[in-house]
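The values are calculated or read from the model by the stated rules, or taken from the named source; none is laboratory data. For clarity, every value in this text was computed on a predicted model and none was experimentally measured. Here the Cβ is made from the backbone with ideal geometry for all residues, glycine too, and neighbour counts use every protein chain on show.
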Amino acid sequence: MLVTVRAIPWPRADWRTWAPDVTLGLVVLVVGVIEIHRAGLTHDDPALFWIVAATAVAVGLSRRLPLVSLLLIWVFDAYQVSQPYPILYVQLSVVVVSFGCACWGHPVTVFLSGLSIPAAGVIAVVFAGSDMFRITAYLSQYRQVIDAVQQVSGSWRLGAMILGTVLLGVPWLAGLTVRFSRYAAESRDSQLAAEEHAARAQRESEQAHEIARLREEQAQLAHDVHDVVGHSLAVILAQAESAQFLDEADSVALKQSMANIANSARSSLRDVRQVLTPASEAKPDANPGALTDLVEGVRDAGHQLTFSATGVERPLPPDRATVAYRVLQEMLTNAIRHGSREQPLRVALAWADELSIEVANLVGPNETDVVAGGQGLDGMRRRLESVGGSLQVGTTANIFTTTASIPVRSR
C-alpha cells in the first residue's frame, strides 16, 4: 500500500513555542545525569555524559528538527553500541524522537525513521549477543529489562528484536496517526473555507445579477418614458404650431385643434401612468389595430401622411406587440420632430412571417446626420434585437427611411 506523506510546515520560531521542547530536553538531561551517578557509572571517560546530552538534545529537537534528532540518536547510539558502555533507562526517551519524526518530519524523515525501526531491532539482536550485553546483564538496574525480554521470548535474540521494534514502532505509528489526523482536519477546514467562498461568490453573483436587472429595468423605464413623452410632445407641438395658421374666425377648427392637443396630452398621461405602475404588466394594446390607431393619431394632429398595410394582420405576442408599438411611436416622433412638412410622411406595414414597419420622411440637408446619430435609433435597435428583430436606416435624396423587422412568431 502506497502512503503519501506531506511535509509539515514548521511552527513560528519564538521562545514561547520552543519552551516545551527545551523543558523536555532538560528533563531528559537531568534524569540521565542522575541515573549515571546512582548506577555508579561515573569514571574518567565522560562519554556517557555526552551520550545523555545528545539524547536530551535529540528529544528537544524532535518537533522542530526531527531529522537532526534522528541523526543524533543514530550517531551516538551506534558509538555506544560499538564501545563498552551500558544502555541507560533514560535512553528510552528515544520514543519521543520516533514519535516526532513520524508526526512532524519531512517525508524523507518519516521514511528514514520508519526504516530505523527494523534496523534498531537488528542492532538489539547484535547487542544481545555481544560481550557488552553480558556485562550489562549483571547490573542490577537492568534486571527488570532482562526479565521482560525473557517473558517475550525464550530466545535472547528474538526477544531483543521484538522489544526494540515495539519500543520504536508504537510511538512511530502513533505519530503517523496524529499526522494524518491533522491532514484530515486541514482538509475539512479547507473544504469548509472553499464552500464558504463558493457561497459568498454565489451571493455576490446573485447580487450582481439583481443589480444588473434593476439597472436594465431602469434603462427600459427611461426609454419607455422617453418614447411616450417625446411622441406626445411632438404631436402636441405640431398641433400648436398648425393652430397659428388657422383663421381666427374659424372657431370650429380652433376648437378641434385644442381638442386634439387635449386628447394627445390625455393619452400621454395614460401611457406614462401605465409605464410607471410597477404592479401592472399591461402594455400598449397587443392587437394590430393599435399600430393603425397610432398612425391615425398623428394624422389627426394635422400631419399629412400616407399609410398602407399589406398582408394579413395577425395578433402579436405581448412582448413583440410592445416593441412594435414603441418602435413605430419613436419612428413617428423622429419624423415629426426632424421631418419637413413639404412632403407627407409615408408609413407602411407589411405582414408576413415578419412584421415590417417602414417610415419615410423628407429631411433637410443638415438634419440627416442629426437623425441618424440620435439616441432614439439606438434605443429602437436594442428593443428590436431583444425580440430577434432588426433595424435598417437609410437616406436617399433627402428621404430618411427607417425600417423595422419583427418576427411574428418565436424562431
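What residue, among those in the stretch 328-348 that are free of Cβ contacts under 8 Å to residues at least 60 places away in the same chain and over 16 Å from Leu237 (Cβ atoms), is surrounded by the most Cβ atoms within 10 Å (Cβ to Cβ)? Ranking the qualifying residues of the stretch 328-348, first place goes to Val347. Which residues, taken from the stretch 13-31, are closer than 26 Å to Phe111 by Cα and either at pLDDT below 50 or of a type in the set (Phe, Trp, Tyr) (or both)? Hit for the stretch 13-31 is Trp18, nothing else. Quick check: is even one residue across the stretch 65-84 in a loop (DSSP other than H, G, I, E, B), in the same structural domain as Leu115 (by TED's automatic domain parsing) and either modelled with pLDDT under 90 or surrounded by fewer than 18 Cβ atoms within 10 Å (Cβ to Cβ) (or both)? Among the residues of the stretch 65-84, at least one is in a loop (DSSP other than H, G, I, E, B), in the same structural domain as Leu115 (by TED's automatic domain parsing) and either modelled with pLDDT under 90 or surrounded by fewer than 18 Cβ atoms within 10 Å (Cβ to Cβ) (or both), which makes the answer yes. Regarding Ala243, is this residue outside the structural domain of Leu332 (by TED's automatic domain parsing), farther than 28 Å from Trp351 by Cβ and at pLDDT 70 or above? So Ala243 fails the test. In the stretch 112-119 there is at least one residue matching the filter, namely being farther than 24 Å from Ser181 by Cβ and not polar (S, T, N, Q). Could we say that Arg215 is part of a helix (DSSP H, G or I), at pLDDT below 90 and surrounded by 10 or more Cβ atoms within 10 Å (Cβ to Cβ) here? Taking the combined requirement at face value, the residue satisfies it. Across the stretch 296-321, what is the number of residues that are surrounded by fewer than 19 Cβ atoms within 10 Å (Cβ to Cβ) and in a helix (DSSP H, G or I)? So the answer is 5. When every residue of the stretch 46-59 is checked against the conditions, none turns out to be hydrophobic (A, V, I, L, M, F, W, C), part of a helix (DSSP H, G or I), surrounded by fewer than 13 Cβ atoms within 10 Å (Cβ to Cβ) and out of contact with any His (no Cβ under 8 Å at 6 or more places or on another chain). Restricting Ala58, Ala54, Ala47 to those that are at pLDDT 90 or above and touching a Phe, Trp or Tyr at 6+ places or on another chain (Cβ under 7 Å) reduces the list to Ala54.
Each row is one residue, and each column tells you yes or no for (1) modelled with pLDDT under 90; (2) among the hydroxyl-bearing types (Ser, Thr, Tyr); (3) touching a Gly at 6+ places or on another chain (Cβ under 9 Å).
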residue: Asn366; (1), (2), (3): yes, no, no
residue: Gly376; (1), (2), (3): yes, no, yes
residue: Gly379; (1), (2), (3): yes, no, no
residue: Val387; (1), (2), (3): yes, no, no
residue: Thr396; (1), (2), (3): yes, yes, no
residue: Ala404; (1), (2), (3): no, no, yes
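Are any of the residues in the stretch 121-134 at pLDDT 75 or above and either more than 51 Å from the chain's Cα centre (by Cα) or not in a helix (DSSP H, G or I) (or both)?
No: zero hits.
Restricting attention to the stretch 85-111 and to residues that are buried (at least 16 other Cβ atoms within 10 Å of the Cβ) and among the β-branched types (Val, Ile, Thr), the residue that is modelled with the lowest pLDDT turns out to be Ile87.
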